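First the structure, which I've put down as structure tokens, then a few questions once you've had a look.
The values are calculated or read from the model by the stated rules, or taken from the named source; none is laboratory data. Keep in mind it's a predicted model, so treat the numbers as computed, not measured. Cβ atoms come from the backbone with ideal geometry, glycine included; neighbour counts cover every protein chain shown. Only protein heavy atoms, including side chains, enter the accessible area calculation; ligands, DNA and RNA are left aside. Shrake-Rupley method; radii C 1.70, N 1.55, O 1.52, S 1.80 Å.
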Amino acid sequence: MALWARQGCRWSCLLKTAVAAEFARGLRGRSSSTAQACRGFAPLALLPSRNYILPWRLQAYRHVSVGSCSPPDSAEDGSFSSPESNLPSLVKQGQAKAEPLPDLNAKILYEDWDDIPPSSALEEISEEEAVQIIAEPLLPLQSSTLRDYVDHSETLAKLVHLGVDLSQVEKRQKAGQLLLTLDFEKDIRKILLFLKDVGVEDNQLGPFLTKNPYILAEDLEALETRVAYLKSKKFGKAEIAQMVSRAPYLLLFSVERLDNRLGFFKNELGLSVKKTKDLVIRLPRLLTGKLEPVKENLQVCQIELGFQRNEIQQIVFKTPKILTASKKRLKQTFDYLHNIMGIPHHMLTRFPQVFNSKLLRIKERHMFLTFLGRAQYDPAQPSYISLDQLVSLPDEVFCTEIAKASIQDFEKFLKTL
């Protein structure tokens, strides 16, 4: 099939060349009298029918010479009497003067001959040719992972090189779809330069975008406005960089929301402006997290645990994480410290970091000290042990300096529990 198609294209090319040559010679050889005689006729009316065109073209093909491109001999001696012999003169009646056409030469014929259309898809090829064909991998129409698109997307490839973990990004709602619609040079580069200007380190850009890919769709002017707001509240550049790095979603909040959050902590806790700033610098996710857990923990501290408002202020200012801690864990830790160990409220207010420790660690060390007869937490008594020493020291230091025992004794005691 492919061979016959090629031959057909070649024959058609030669036929077109032969017709053009015949037209050119007819235009140069006909006298003006012939044109005057035919001037009253409509050219379209005298055109030959479709059934006569093909034989004439075949005849021209038989007699044309590749070297000279001369018309067929039968057309020159008058023996070729079909209606097609009048075709050049009929074309001439539509023109006052015919523009001379250049003679066709062998070079043009050879160029037309070589102008072969591409092979048909149905043409058989050899095994050697088939092996040389390299097919590009198809882009999946849909996929549950961004990994399938990395080889097809320059944006994803550059993000991976930057350190973005796409396996984590695709777990976030519509984040994968967002990355596939962005252009790295047009959409992403300006955000990266902005983050570097804010103070995010180069080695933190990948982890930052892994946690918050949505910032890539934010308007750059809006981001700059939010940073300007923080500066207006007297946050230093280093403090803003620390807050943005530790709370990647911070810059997604509008100026109004940021202002409302700062006002909430200032009014709810009764803190000064300076202490409020210090609070959110140390725990910036207070500005991005939900407020309901914060409100509930404040109520737990006041109503269930029995702390006074001023005590809560001190506890929160020293240990901001208590605002986002689990209510159940908070109550269990307080119950053991206050009701089992006998630590009063004012001592817990003085060392609130004890609420950040694991309850099991507190229990094991307290029971070991009780076993040794050294569980003394009253600063007015000798051999006083502070809560900070109880929970913050490593096991070796706790045993040798606080419990006055070896680490082996402590490990043996734990096995008896």
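Only one of these is buried (at least 17 other Cβ atoms within 10 Å of the Cβ) and more than 33 Å from the chain's Cα centre (by Cα): Val294, Val273. Name it.
So the residue among Val294, Val273 that is buried (at least 17 other Cβ atoms within 10 Å of the Cβ) and more than 33 Å from the chain's Cα centre (by Cα) is Val294.
If you don't mind, there's one more thing I want to ask. Can you name every one of the helices (runs of 4 or more DSSP H) wholly within region 105-179 that holds 3 or more residues which are modelled with pLDDT of 60 or more and either touching a strand residue (DSSP E or B) at 6+ places or on another chain (Cβ under 7 Å) or among the charged types (D, E, K, R) (or both)?
Correct list: 127-132.
Further question: Among the residues of region 316-337, are any over 30 Å from Thr288 (Cα atoms), in a helix (DSSP H, G or I) and in contact with a Leu (Cβ under 8 Å, 6 or more places away or on another chain)?
Yes, that holds for at least one residue.
Contact list please: Cβ distance under 6 Å, first residue in region 256-271 and part of a helix (DSSP H, G or I), second residue open to solvent by 30 Å² or more (accessible area, probe 1.4 Å), pairs at least six apart or on different chains.
Leu269/Gln313
Would you mind stating whether Thr210 is of a type outside the set (Gly, Ala, Ser), under 12 Å from the mean Cα position of the chain (by Cα) and open to solvent by less than 20 Å² (accessible area, probe 1.4 Å)?
Values: of a type outside the set (Gly, Ala, Ser): yes; under 12 Å from the mean Cα position of the chain (by Cα): yes; open to solvent by less than 20 Å² (accessible area, probe 1.4 Å): yes.
So Thr210 passes the test.
Also, I was wondering about something else. Scan region 373-388 residue by residue and report those that are part of a helix (DSSP H, G or I) and buried (at least 16 other Cβ atoms within 10 Å of the Cβ).
The answer is Leu387, and nothing else.
Identify, from the list Ile362, Ile312, the residue that is in a helix (DSSP H, G or I), closer than 30 Å to Lys277 by Cβ and either at pLDDT 95 or above or in contact with a Cys (Cβ under 7 Å, 6 or more places away or on another chain) (or both).
Ile312
Quick one: Tyr249 ticks every box in (1) within 23 Å of Arg282 (Cβ to Cβ); (2) open to solvent by less than 60 Å² (accessible area, probe 1.4 Å) except a single one, so which number is it?
It fails just one condition, (2).
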